[in-house]
Amino acid sequence: MTDIMPFVMFASLFILLLLGFPVAFTLGGVSLFFGMMTFGLNFFNFLPLRIWGIMTNLVLIAVPLFVFMGVMLEKSGLAEDLLETMALIFGKLKGGLAISVVVVGAMLGASTGIVGATVVTMGLLSLPTMLKRGYNPELATGTIAAAGTLGQIIPPSIVLVLLGSILNVPVGDMFIGAIIPGTILVALYLIWIIIIAMIKPEDAPCMPEEELQAFRGKGMWLRIVKAFVLPFLLILAVLGSIFAGIASPTEAAAVGAFLATLLTIFYGKFNLSTLKDVMRETTLLTCMVFTILAGATAFGLAFRGMGGDRELTQIIMAANLEPHFFLALVMVIIFVAGFFIDFIEITFIIVPVVAPLFVAMGVDLLWLGILIAVNLQTSFLTPPFGFSLFYLKGVAPAGIKTSHIYRGIIPFVIIQLIGLTLILLFPETVKWLPEIMAR
């Protein structure tokens with residue numbers, strides 16, 4: 001009977017999550033119930049030590065700092081300037097507006113790392129413009145939702161910080177290892193948009209000539225410098241200091257939060273009300289992440305206390321699965337779970353359970369972490385609970401239906417899976433850059 005208890009706990013958690021109970025409290029509640037069954041009152045002696053270990057983890061201090069940086073940049077108007085300027089630079093190309101959305105999504109991902117903020121901002125600014133220019137609604141919505149999720153894989157990404165902490169991989173290595181996979185995804189998105197623009201030019205028209213002429217007039221270069229140089233300097237300061245070994249990810253996050261505040265002041269958007277809003281949103285997001293993390297820690301303690309990790313290891317070893325086959329199986333499970341639950345829940349529920357098995361199999365944990373991060377990115381895009389789709393629908397004009405967004409995202413989910421397959425087949429895409437930087 002005790003052999004199946006860990007799996008009963010796991011199943012209970014997923015059923016309660018699918019029924020719509022709050023993640024943080026479901027994790028904690030299920031863990032306390034089964035922990036008490038396993039350890040009795042001693043469970044309350046073990047748990048505080050585990051939670052204290054989380055709260056004193058210096059790496060995780062980067063989470064609220066990166067969140068603060070992202071929310072502050074959202075308030076600065078930086079995204080608006082980037083989108084408008086980029087759209088006019090690519091304006092003569094068929095599909096130029098969609099190309100600009102992808103490039104800006106990548107830049108915002110490297111600046112903020114917050115998917116919700118990026119999707120909402122680009123949805124508000126670029127979707128009405130794309131529809132007015134005659135873009136196919138499915139192409140427009142799919143491009144915005146997909147580009148907005150690039151902050152999941154392009155560093156500095158909060159999910160990379162969390163995965164690095166769980167897998168015990170240096171966060172700086174996770175950031176460096178994610179650069180080439182993130183670039184591959186951006187390139188695949190752009191190739192798809194260019195193909196669509198060539199096959200169906202009516203779905204992705206170019207910008208009107210009068211708007212382009214007005215842009216090329218006086219002040220064009222000043223506008224380009226203001227839109228691109230300042231965000232680039234921020235990215236360089238944050239990522240460059242990590243890659244050069246000058247600062248730890250936590251220190252670099254603090255620098256990013258400070259520079260984001262200076263940028264907001266420069267753009268004239270900083271005031272006491274803005275600061276209060278940023279601090280409020282940062283507190284809410286950080287509390288959500290750490291409450292889930294505390295619940296996941298309790299879950300892991302109870303699961304291991306019942307011998308769940310040992311039972312799972314024995315089942316996998318008895319099945320005589322090859323490491324690559326087991327990896328493919330885990331990737332499929334994470335992908336399917338992304339249809340129903342959020343990336344944070346997947347990170348804290350599934351990853352700690354399978355990580356020891358991959359260690360025993362000798363799988364490279366840096367490569368594994370990037371694979372999981374790319375896979376988790378699809379959880380934002382897959383119906384019915386893809387958060388990017390909810391964010392975009394919430395700010396979309398009246399004519400945009402949910403069916404437009406769902407159909408529009410399908411090609412980009414397929415592109416994500418192609419990118420994931422490339423990283424799976426060619427581990428050098430993850431390992432090469434960290435090895436070069438370590439020399």
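The values are calculated or read from the model by the stated rules, or taken from the named source; none is laboratory data. Fair warning: this is a prediction, and the values are worked out from it, not measured in the lab. Glycine gets a Cβ as well: all are built from the backbone with ideal geometry, and neighbour counts include every protein chain shown.
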Checklist outcome for this item: In the stretch 118-127, anything surrounded by fewer than 24 Cβ atoms within 10 Å (Cβ to Cβ) and at pLDDT below 80 is listed as 120, 124, 125
Checklist entry - Is there a residue in the stretch 193-202 that is at pLDDT 75 or above, part of a helix (DSSP H, G or I) and of a type in the set (Asp, Glu)? => result yes
Checklist entry - Counting only residues that are in a helix (DSSP H, G or I) and without any contact (Cβ under 8 Å) to a residue 60 or more places away in the chain, which one in the stretch 267-282 is surrounded by the most Cβ atoms within 10 Å (Cβ to Cβ)? => result 275
Checklist entry - Inside the stretch 89-99, can you point out the residues that are farther than 18 Å from residue 199 by Cβ and either among the charged types (D, E, K, R) or at pLDDT 85 or above (or both)? => result 92
Checklist outcome for this item: Cβ pairs under 6 Å, 6+ apart or interchain, first in the stretch 304-330 and at pLDDT 65 or above, second buried (at least 17 other Cβ atoms within 10 Å of the Cβ) and among the aromatic types (Phe, Trp, Tyr), ordered by first then second residue, are 305/39
Checklist entry - Looking at residue 243, is it modelled with pLDDT under 90, surrounded by 15 or more Cβ atoms within 10 Å (Cβ to Cβ), among the aromatic types (Phe, Trp, Tyr) and within 25 Å of residue 99 (Cα to Cα)? => result no
Next on the checklist: Any residue at all in the stretch 335-355 that's within 22 Å of the chain's Cα centre (by Cα), loosely packed, with under 14 Cβ neighbours inside 10 Å, aliphatic (A, V, I, L, M) and assigned by TED's automatic domain parsing to the domain that holds residue 147?
Outcome noted: yes
Checklist entry - Within the stretch 420-428, can one find any residue that is at pLDDT 80 or above, within 16 Å of the chain's Cα centre (by Cα), surrounded by 15 or more Cβ atoms within 10 Å (Cβ to Cβ) and farther than 15 Å from residue 142 by Cα? => result yes
Checklist entry - From 89, 51, 99, 61, which residue is outside the structural domain of residue 225 (by TED's automatic domain parsing) and in contact with a helix residue (DSSP H, G or I) (Cβ under 9 Å, 6 or more places away or on another chain)? => result 51
Checklist entry - Where in the stretch 338-432 are there helices (runs of 4 or more DSSP H), lying wholly inside it, with at least 2 residues that are under 23 Å from residue 288 (Cα atoms)? => result 343-349, 351-361, 365-377, 387-395
Next on the checklist: Can you confirm whether residue 65 is within 30 Å of residue 259 (Cβ to Cβ) and modelled with pLDDT of 80 or more?
Outcome noted: yes
Checklist entry - Any idea how many residues of the stretch 21-45 are loosely packed, with under 15 Cβ neighbours inside 10 Å and more than 24 Å from the chain's Cα centre (by Cα)? => result 7
Item to check | Tally, over the stretch 395-439, of residues that are among the polar types (S, T, N, Q) and either touching a residue at least 60 places away in the same chain (Cβ under 8 Å) or within 19 Å of residue 153 (Cα to Cα) (or both) | outcome: 3
Checklist entry - Going by the structure shown, is residue 160 of a type in the set (A, V, I, L, M), in the same structural domain as residue 351 (by TED's automatic domain parsing), at pLDDT below 80 and assigned to a helix (DSSP H, G or I)? => result no
Checklist entry - at pLDDT 75 or above and in contact with a Phe, Trp or Tyr (Cβ under 7 Å, 6 or more places away or on another chain), is that true of residue 137? => result no
